[in-house]
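For reference, the structure is listed below as structure tokens.
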Amino acid sequence: MRILFDHQAFSMQSHGGVSRCFAELYRYLPKSVEACISVKETDNVYLRDMAVGVPVGYNYEHFIFPFNFPLKSRLFGIYNHIVKGMPYQSDNYSYFHEHEYNRLYSIETLKRGRYDIFHPTFFDDYFLPYLGNKPFVLTIHDMIPWIYSGIDNKNWKWQVEKMKNLAPKAAAIIAVSENTKNDIVRLLNVNEDRVHVIYHGCSFLHIDHSNPFFSKPYILYVGDRKYYKNFDLFVENLVPVLKRYQELTVVCTGKSFCDEELRLMEKYSIKDRFIQQWVANDEEFYSLYHHAVCFVYTSEYEGFGIPILEAFQSDCPVMLNKTSCFPEIAGDAAIYFEMNKMESNFAEQFEKMYSMTIQERSLLLKKQRKCLEKYSWKKSAMQLARVYNSIS
């Protein structure tokens, strides 16, 4: 059986959950599945570093010279038009930059037809005219664009329209949790028999990191902080915690704090207790998790929550907002709190976690390691292969 993955996630992301998911699944698919990814040019770290056998290059980056100069993109377009017969738009010199170049290569690969099942890695429906009668499988990681459709986000609105078009046409839909499956069935009005739940795995390895980033104890917050992430409520709920425990700081990965976030911290006189930390690789992430007092996930909605598995793998106590898919994914291996605009018991639950005895902490970490056994990319890839077999 031959499976064709397209370029979308790898053109969009140098790193990130969606592209990592597909790279890991590709790597662990059984030998009975012959898969390829239609990518020609990418800076995606997973394809580059995981040695998955994908022909990855930097065609535009290294065309003529490995740096940009005036008219380089135009010359690159003319070269591909003459040598490879690709269409050329002289009024759009950026047309052959990474995304468009990979998109054209994906179309070229689709036209050759040397595959049995197509699996797009995001929601652009450009491929529909080239499929013929061959089936495709659609993966939906979450329904955030639907659930938060009231937020003015052009990318989310685009995703909603594309999902509405693709979901009825897909031979099978992959959801990453039962919670996400229920949302897909409800919001996209598809038969639940067509939706298959395949959990994510964990990509972290056990890494020896004896030297922590920080000398003081810290609470760890990972990832984006906008919209449904509840970061503003998190800051407000930290006020009594930080005032009681003067030794604590809060480390946040991701982008630098915006002005609105800084004003909120200043309002409660806790700005100096927050640290923004850039993380370069998995080793540094592991160290941040491993030495943290706890990892706190405050979101009111997620499709799966990969940071939960990362924290489990790093022997970091996990505190989760009791909502969405979190109880499904973590089971009894986390400490739960309620956090929304109406109520919160975060401070009380943090108090319980922070005052745990050595034995109680050891028991929690043991539960986390046990829970982690349910999640592996190899298992996920085998389940995906079974879905492919069911529609081939």
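The values are calculated or read from the model by the stated rules, or taken from the named source; none is laboratory data. Computed from a predicted structure; not experimentally measured. Note: ideal-geometry Cβ built from the backbone for every residue, glycine included; neighbour counts use all protein chains shown. Only protein heavy atoms, including side chains, enter the accessible area calculation; ligands, DNA and RNA are left aside. Shrake-Rupley method; radii C 1.70, N 1.55, O 1.52, S 1.80 Å.
Rolling a 1.4 angstrom probe over the chain with all protein chains present gives an accessible area of which 50% lies on carbon and sulfur atoms. Residue ranking by accessible heavy-atom surface, 1.4 Å probe, largest first, among C202, C258 comes out as C258, C202.
Heavy atoms only, probe 1.4 angstrom, no DNA, RNA or ligands counted: give me F122, F231 ranked by accessible area, highest first. Before the final figure, lay out each step's value.
On the way: F122 30, F231 5 Å².
So, going from the largest accessible area down, we get F122, F231.
For K229, a cut-off of 12 angstrom between C-alpha atoms picks up these aspartates and glutamates, skipping any fewer than 8 places away in its own chain: E300, E302.
What the Cβ-Cβ distance of K243 and D152 gives, at R0 = 35 Å and to the nearest 0.05, is a FRET efficiency of 0.45.
Potential lengthening of the chain between D259 and D232 amounts to 8.5 nm, from the contour at 0.36 nm per residue minus the alpha-carbon distance. Rg/Rh for segment 108-219 (Cα atoms only, Rh after Kirkwood) is 1.13.
Among the protein heavy atoms, those of I174 account for about 10 Å² of accessible surface (1.4 Å probe, every chain in place). Full extension of the chain between D272 and K366 yields a length gain of 30.4 nm, computed as 0.36 nm times the residue separation minus the alpha carbon distance.
Would you compute, from DSSP H runs of 4+ residues alone, the mean residue ellipticity of the chain at 222 nm, taking -39500 (n - 2.57) per run and dividing by the full residue count, rounded to the nearest 500?
-12000 deg cm²/dmol
Sorted into 10 angstrom bins from 0, the C-alpha pair distances of the chain split as 4, 20, 29, 24, 16, 6, 1, 0 percent. Projected label points at K379 and N133, each 7 Å from Cα along the beta carbon direction, are separated by 3.9 nanometres. For the set K229, K164, the ranking by accessible area, highest first and with no ligand, DNA or RNA atoms included, is K164, K229 under a 1.4 Å probe.
Available extension along the chain between R48 and Y79 is 8.6 nm, counting 0.36 nm per residue and deducting the alpha carbon span. Separation of segment 182-227 and segment 337-392, taken as the distance between their Cα centroids, equals 9 angstrom.
Against the main long axis of the alpha-carbon atoms of the chain, helix 72-84 sits at an angle near 50°.
Can you pull out the GluC sites (Glu not before Pro) in segment 301-389 whose DSSP state is coil and whose Cβ has at most 15 other Cβ atoms within 10 Å?
Values: sites: E302, E310, E328, E338, E343, E348, E351, E360, E373; in loops: E302, E338, E343, E373.
Taking segment 301-389 and a limit of 15 other Cβ atoms within 10 Å, the loop GluC sites (Glu not before Pro) found are E338, E343, E373.
The residues of the chain have, on average, 48 Å² of accessible surface per residue, using a 1.4 Å probe with all protein chains present. Kirkwood analysis of segment 258-365, using all unique Cα-Cα pairs, places the hydrodynamic radius at 15.3 Å. Here segment 255-295 yields Rg over Rh of 1.07, to two decimals, using C-alpha coordinates and the Kirkwood radius.
If you take the square roots of the eigenvalues of the alpha-carbon gyration tensor of segment 330-392 and sort them as a ≥ b ≥ c, do you get rounded (a/c under 1.5), prolate (a/b over b/c) or oblate? Walk me through the intermediate numbers first.
Values: a/c = 6.86, a/b = 1.93, b/c = 3.55.
Because a/c hits 1.5 or more and a/b fails to exceed b/c, segment 330-392 counts as oblate.
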